[in-house]
Structures are given as structure tokens and as C-alpha cells.
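Structure record follows, encoded as C-alpha cells.
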Amino acid sequence: MPAPKFTLQKPALTPFNVVAGIILAVGLYVTVIRFTQGLAATTNLSDYNPWGIWIGFDLLVGVALAAGGYVTSAACYIFGLKRFHSAVRPAILTGFLGYALVVLALHYDVGRPWRLPYPFIVQSGTTSLLFEVAACVALYLTVLFIEFSPAALEWLGLKRARRIVVRLTLVLTIFGVVLSTLHQSSLGALFLIAPSKLHPLWYSPYIALFFFVSSVVAGLSMVIFESTLAHRYFHDKMDDEHLRQADGVALGFGKAAAWVLAGYFVMKVIGIAQTDAWSYLATGYGAWFLVELLGFILLPCYAFAIGVRDKNLKVIRWTAAWSVLGIVVNRFNVGLIAFNYHLPSSERYFPHWMEIAISLFVVTIGVVAYKFIVTHMPILYSHPDYDAH
Amino acid sequence: MDNPIVTLHDFMLRTESITYILVVAVLVSFPFFWRFLTDRDEDSTRPDGEHSSGKHH
């Protein structure tokens, strides 16, 4: 009797695969409806509320949380903090996937997505902030793709192409920082055009600065958060360098996040002073604003500081997750909750279930792509045939 | 309110005065926060930036 054959293949029906499969199937179904029947069939958008969660979440949150790429590569290659080197590739990958999914989500949100290249070929004014955002996102997505490509080229064994791309690292990093500074702030500046629609506690002449500074917090927190998840689920993919540097990355980024959050808190308070919006703090919107200001800015600032002082990585990692949630809350507040605050409740926006399904679909694509890439490419370990760059 | 805001000057005087007070408070308090954040650093002068084990080399 022949001996039975044993294989070490993982079962296909894992909880992750089942949940991801259901989300992707529903997302594909909604995609067909969106592109055959239009926005009206799949969204609750209206003339009052032309921007829903595909902008408020997929774009505003997506771009902010993808900031880890430029923050980490700037720390490593521009400021020379080589002890964060192991965090660069995962951060660049997260940034690249984040921006790619932002562009994917825009195809759903824009009424005629085939016109997305129009800002470059049918020019209607270079002074438009949307042109600035379009140009920077397109260019930065290209930069992130090139920055990410050495890992893919190592996986494919294309040594010569990889050598050429690696030489561009510093130039690409500088380019990435410049482009990120421009469009992270421009996304906030978009709301400068609507001073009467955005609640006075969130509207500020400094809103562009708020978006940029909070994106730095988002980037730092996201690197720590993503590193925590990677350690938990991809520990076997990590080499000694990643395992050795991980605690230092969390401590260093936690300290930077505490410092930047302190500055962000001060800027937000000065923002209230500059628009003399103090009286609104005693209203319902004021209470929610204070939840954001104290609960999602001051509290994580203090918690990061305590975590860094005590070298308590658990506190730092939980605080990073809390900060990521804080960025989501902030972008939701600006884009959805505090926007059109004066409208009667019957006219207010609440997302259609298909909008939520597409947002989940987009996030799931990102998670599946991340899982595939870190499983196959040298992201969490250095390829033995290549020198670090 | 005792002094209602009527003119742009009133508004600027009020908002800028409060902002200046806030900025001075921040300039005074930030060094303390920096000290709070860093005073337990084991050895920040090491060129490689790695955390020492408590011994100076």
C-alpha cells in the first residue's frame, strides 16, 4: 500500500480568506452597479453633499495614512537616521498601496472617471487647488512606485534595473517630501473655498497647515501600527535586522509623534483664537470638537510621551492605533460631520450601504495586496543577494 | 459681553492678544515638555543612536 502524501499547504478556507472573499464579491457586485447605473444608484450623494465617504474616507484618510512613506524615507535618507532603515520598505509599500487605492477609489467617486487625466491634457487653470492635488498625487504615486520597485526587481532577479533605480533613492526621497508637503496641505486648503459650509471650529485659515502637520502624525503612527501588525502576522518573514530595529523604530517614532502632536495641539488652539470661535465650544459641535482635540490629539501626545519615557512599547503601540483612529475622526469631521453643519437633518448626508461596501472593498484589496507582496518580496527582510541601499 | 466686537480693529485686537498670550505660554512650556520627553534617555550622545545598556563606552 503506497504511503499517503502529506502536504504542508495552508487551508484555503481561513477566516481571513472567507471574510476577504465575501467583501471582494460584494464589492465586485457593487462595482458593476456603479459603472452601469451611475452614482445615483449606489450613493446618497446630492448637490448639497457632492463629497461622501469615497472622498472623506478613501481619499482624505487614505492620503493621510499613506504619509508614512515620505516620513520614514525622509528620516532615513535625508536626516540620516539609519537606525530606521528597516522601516523604510514597509512604509513605502504602505504608502504606495495607499495612494494606488486612493486613485482606484477616485474612479468610483468621479462621475466620469475617464476624465481623470483631464487636469493634465485639458487645462482649466493651474491656480486650482484640485489641479495641484491631481498633479501631486499622480506624480507622487509614480515616485512611490519607483521607490517600491527595488523590492519587486529583487524578487524578479532583475539586478541591473534594480541597480539603476537604487541610485535614484535620494532624489526620489526629496521629490516625495516636496510633493507630499504640497498635496497633503492642499487637501486641507480645498476647504478654504467653503468658509460658510464648514463649522467655525474646524474651519481655519490655517487648515492647510493642520492637514500637513496631522499627516506627519498619521505617517509616524501608521508606521508603528503597521509594524505591530506585521510583527504579529508576518513574524516569520522578518530577518534579524527588522527584529532588532523594531523596538527602536517604535521608540523613535513615538517620540517624534509626541512632539509633533504637541505642536499640532497648539496650532489647533491658536486656530480657535484666530477665528474667535471660543463661544462655539459650549455647543454640541463644540463638545465633539473637544473630544477630537483632547481625546485624539492631547491624550495620544501625553500617552506617547509616557510610553517613550518608560520605554513602554505596549503603550506606544496602542497609542499609535489610537492616533490612526484620531486621523480618521479628523478627516471625517472636516469632510462630512462638520461640513454642511447648517443644513436640516433631512438634507444631511449618510452613506448608502453600497458606498460603505466599496470603501471596505478598497481597504480589503489593500490588505490582500499587502499580504501577497510581503509574502513574496523582500519587504520585511533584506534579500541576501543585494546590499542594503 | 462687556466689550462687543464692532470693528475689524476690535476683532484683531481681541484675537491677536489672545494668540500672543498663547504663544508666550507655549514658548515657556515647550522646553519643559521636551525635558519631560527626553530626560530618561539613556545616552543621547552616542553617535550610532542605539540604546545603550546603561554603560558608557
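The values are calculated or read from the model by the stated rules, or taken from the named source; none is laboratory data. If you're wondering where the values come from, they're calculated on a predicted model, not measured in any experiment. Cβ placement follows ideal geometry from the backbone for every residue including glycine, while neighbour counts extend to all protein chains displayed. When the accessible area is computed, the model is the full protein with side chains, heavy atoms only, and any ligands, DNA or RNA have been set aside. Shrake-Rupley method; radii C 1.70, N 1.55, O 1.52, S 1.80 Å.
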* Accessible area in square angstrom per residue, region A:110-159, 1.4 angstrom probe -> 58 Å²
* **Enclosed volume per residue, in Å³, of the convex hull spanned by Cα atoms of region A:134-180** => 57 Å³
* Asked: Relative contact order for chain A using alpha-carbon pairs under 8 Å, separation at least 6, rounded to a whole percent?
  -> 28 percent
* **Distance in nm between pseudo-label sites at residue B:6 and residue B:41 (7 Å out along the Cβ direction from Cα)** => 5.4 nm
* Can you tell which of A:310, A:239, A:58 shows the greatest fluctuation in a Gaussian network model of chain A with Cα springs below 10 Å? -> A:310
* To do: Arrange the peptides A:363-370, A:333-340, A:274-281 so that the one whose residues have, on average, the most other Cβ atoms within 10 Å appears first.
  => A:333-340, A:363-370, A:274-281
* Which value, in debye to the nearest 20, gives the size of the charge dipole of region A:28-342 about its Cα centre, when Lys and Arg are +1 and Asp and Glu are -1 at the Cβ? -> 660 debye
* Structure fact -> Between the residues A:264, A:211, A:201, the Cα farthest towards the positive end of the dipole of region A:201-302, that dipole coming from +1 and -1 charges on the beta-carbon of Lys, Arg, Asp and Glu, is from A:201
* To do: Mind ranking A:27-40, A:67-80 by how tightly packed they are, going by the mean number of other C-beta atoms within 10 angstrom, highest first?
  => A:67-80, A:27-40
* Asked: Which values, in whole Å and largest first, are the semi-axes of the equivalent ellipsoid of region A:10-164 obtained as the square root of 5 times each eigenvalue of the Cα gyration tensor?
  -> 31, 24, 15
* Order of A:19-25, A:110-116 by packing, highest average Cβ count within 10 Å first? -> A:19-25, A:110-116
* Structure fact -> Once A:354, A:267, B:12 are ranked on solvent-accessible area with the largest value leading and a 1.4 Å probe, the list reads B:12, A:267, A:354
* Asked: Can you give the net charge of the other residues whose Cβ lies under 14 Å from the Cβ of residue A:99, counting K and R as +1 and D and E as -1?
  -> -2
* Point-to-point label distance, residue A:209-residue A:240, nm (Cα→Cβ direction, 7 Å offset) -> 4.8 nm
* Based on the inverse mean of 1/r over its pairs of different Cα atoms, what is the Kirkwood hydrodynamic radius of region A:262-389, in Å? -> 18.4 Å
* To do: List the accessible area buried at the contact between A and B, summed over both sides and calculated with a 1.4 Å probe, in Å² to the nearest 100.
  => 2100 Å²
* Measure off, as a whole percent, the carbon and sulfur share of the 1.4 Å-probe accessible area of region A:124-245, all protein chains present. => 69 percent
* Structure fact -> Other residues with Cβ under 15 Å from the Cβ of residue A:179 give, with Lys and Arg +1 and Asp and Glu -1, a net charge of -2
* **log₁₀ of I(q)/I(0) at q = 0.11, 0.15, 0.16 Å⁻¹ - region A:28-342, Debye sum with one point per alpha carbon** => -0.73, -1.27, -1.39
* Top to bottom by accessible area (1.4 Å), largest first, where do A:360, A:190, B:37 land? -> A:360, A:190, B:37
* Structure fact -> Expressed as a whole number, the average count of other chain Cβ atoms within 10 Å around the Cβ atoms of A:77-83 is 1
* List every DSSP H helix in chain A whose Cα atoms extend 18 Å or more along the helix's own long axis and whose mean Kyte-Doolittle hydropathy is at least 0.5. => A:15-37, A:88-109, A:129-156, A:169-189, A:207-233, A:240-275, A:313-332, A:353-376
* Asked: Using a 1.4 Å probe, what is the accessible area per residue for region A:234-389, in Å²?
  -> 43 Å²
* **Ranking by accessible area, most exposed first, for B:14, A:162 with a 1.4 Å probe** => B:14, A:162
* Of the accessible area of region A:58-108, with the probe set at 1.4 angstrom, what percent is carbon plus sulfur? -> 76 percent
* To do: Return the average number of partner chain Cβ atoms within 10 angstrom of each residue Cβ along peptide B:28-39.
  => 3
* Asked: Within 10 Å of each Cβ of A:261-273, how many other protein chain Cβ atoms are there on average?
  -> 3
